[in-house]
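To start, the structure under review is shown below, and the notes come after it.
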There are 2 protein chains.
Amino acid sequence: MKSSPAELISEAKSSTQNSKMKRAVSVLDFILRLIAVVATLASAIAMGTTDESLPFFTQFIRFRAEYDDLPTLRLFVVASAFASGYLILSLPLSILHITRSSARRTRVILIILDMVMLTSLTAASSAAAAIVYLAHKGNAKANWFAFCQQYDSFCERISGSLIGSFIAIPLFIMLILFSALVLSKR
Amino acid sequence: MKSSPAELISEAKSSTQNSKMKRAVSVLDFILRLIAVVATLASAIAMGTTDESLPFFTQFIRFRAEYDDLPTLRLFVVASAFASGYLILSLPLSILHITRSSARRTRVILIILDMVMLTSLTAASSAAAAIVYLAHKGNAKANWFAFCQQYDSFCERISGSLIGSFIAIPLFIMLILFSALVLSKR
């Protein structure tokens with residue numbers, strides 16, 4: 001395979017451009033992971049520390065709501081904390097990709113793990129969102145009562161906690177797309 | 001860049017092997033898409049046709065449960081049908097990848113769309129699963145009543161409908177991984 005000098009130069013140029021692009025994407029990957037760590041961790045902590053006691057009680061009953069009265073919200077805390085832990089562990093690999101922009105195998109591994117975490121985080125977050133929606137609106141046909149009318153600040157807190165995870169989900173999608181983009185360049 | 005004849009031959013061999021591998025993966029991609037179409041469509045139809053009337057009624061009340069008494073289940077039907085429609089539309093691209101195994105850009109497009117569908121299907125399915133779980137178990141602390149004790153066959157049907165979508169979710173994950181695998185080969 002003989003190439004003319006001009007061809008060789010243009011090849012070399014495009015390969016430098018490619019590796020610059022790859023490095024830029026890797027840096028972006030690292031930054032997105034940092035943001036996602038903060039978002040999922042904030043979500044887990046905010047949800048995990050939620051409880052409310054109403055300011056009145058009888059001799060036998062205290063009106064108290066805790067996040068783990070609803071098992072789905074407990075799942076949400078676990079999944080968010082897990083995603084956050086995974087993201088922290090993936091940071092060294094992300095740094096490796098900045099220094100060695102041609103790495104392919106580790107990127108494929110990261111795509112697989114990112115996708116598993118994306119799916120589990122999405123599943124837990126939307127299950128929690130379905131329950132939070134029910135807490136707000138109730139369902140007249142199923143006779144499910146909207147308890148948010150009483151537990152006002154509890155409900156505000158569990159709704160707010162969802163935000164972090166729903167920020168992390170598109171970040172995960174972008175992380176996977178960036179890895180696929182880099183892989184698609186020769 | 002001069003190469004010896006032996007190098008050229010080994011290069012050509014490995015590129016033929018690669019293109020064979022890519023074609024095999026593309027055929028697998030097509031088959032998985034077909035299975036996923038059937039699974040999501042079955043899910044949407046099974047859920048969308050679910051209703052039950054209890055065999056007793058008063059003058060004013062008929063005891064009747066329909067899937068769209070629960071808004072989350074309506075979302076599930078829409079998302080499953082949408083995923084199924086998308087999968088059917090993606091079949092031509094999948095066929096294109098079998099005949100042109102070196103296509104890269106269309107694979108990246110397919111990865112992006114697959115991921116969006118994976119996320120929306122996962123979100124809708126797990127929200128539906130959370131509600132179906134509630135219908136079965138109820139929640140004593142929130143005073144939510146497990147209506148499955150009455151609407152037995154209704155509950156069986158909505159639980160069964162989830163299966164199709166939860167089969168399609170790992171299929172989507174595999175589709176994305178296969179595309180990433182092909183992209184990672186030069």
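Can you find even one residue in region B:104-111 that is in contact with a Ser or Thr (Cβ under 8 Å, 6 or more places away or on another chain), closer than 20 Å to B:T40 by Cα, touching a residue at least 12 places away in the same chain (Cβ under 8 Å) and surrounded by 14 or more Cβ atoms within 10 Å (Cβ to Cβ)?
Among the residues of region B:104-111, at least one is in contact with a Ser or Thr (Cβ under 8 Å, 6 or more places away or on another chain), closer than 20 Å to B:T40 by Cα, touching a residue at least 12 places away in the same chain (Cβ under 8 Å) and surrounded by 14 or more Cβ atoms within 10 Å (Cβ to Cβ), which makes the answer yes.
For A:M174, which of the numbered conditions (1) at pLDDT 90 or above; (2) open to solvent by less than 10 Å² (accessible area, probe 1.4 Å); (3) out of contact with any Phe, Trp or Tyr (no Cβ under 7 Å at 6 or more places or on another chain) fails to hold?
Every condition holds for A:M174 apart from (2).
Here are some conditions: (1) more than 8 Å from every other protein chain (Cβ to nearest Cβ); (2) within 28 Å of A:G48 (Cβ to Cβ); (3) open to solvent by 40 Å² or more (accessible area, probe 1.4 Å). A:I95 meets all but one. Which one does it not meet?
It is condition (2) that A:I95 fails.
Residue-wise test of (1) modelled with pLDDT of 95 or more; (2) more than 25 Å from A:I95 (Cβ to Cβ).
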| position | (1), (2) |
| --- | --- |
| A:V27 | no, no |
| A:R33 | yes, no |
| A:A36 | yes, no |
| A:A46 | no, yes |
| A:Q59 | no, yes |
| A:R62 | no, yes |
| A:Y67 | no, yes |
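So, in region B:116-175, of the ones that are part of a helix (DSSP H, G or I) and touching a strand residue (DSSP E or B) at 6+ places or on another chain (Cβ under 7 Å), which residue ends up farthest from the other protein chains (Cβ to nearest Cβ)?
B:S153
Which one of the conditions (1) open to solvent by 40 Å² or more (accessible area, probe 1.4 Å); (2) touching a Phe, Trp or Tyr at 6+ places or on another chain (Cβ under 9 Å); (3) at pLDDT 90 or above does A:S53 fail to meet, given that it meets all the rest?
Against the list (1) open to solvent by 40 Å² or more (accessible area, probe 1.4 Å); (2) touching a Phe, Trp or Tyr at 6+ places or on another chain (Cβ under 9 Å); (3) at pLDDT 90 or above, A:S53 comes up short only on (3).
Would you confirm whether any residue within region A:115-138 is under 14 Å from the mean Cα position of the chain (by Cα), open to solvent by 30 Å² or more (accessible area, probe 1.4 Å), free of Cβ contacts under 8 Å to residues at least 24 places away in the same chain and under 21 Å from B:A127 (Cβ atoms)?
Taking every residue of region A:115-138 in turn, at least one turns out to be under 14 Å from the mean Cα position of the chain (by Cα), open to solvent by 30 Å² or more (accessible area, probe 1.4 Å), free of Cβ contacts under 8 Å to residues at least 24 places away in the same chain and under 21 Å from B:A127 (Cβ atoms).
The values are calculated or read from the model by the stated rules, or taken from the named source; none is laboratory data. Predicted model only: the values in this text are computed from it and were never measured. Virtual Cβ from ideal backbone geometry, glycine too; neighbours counted across all protein chains shown. Surface accessibility is based on the protein's heavy atoms, side chains included, excluding ligands, DNA and RNA. Shrake-Rupley method; radii C 1.70, N 1.55, O 1.52, S 1.80 Å.
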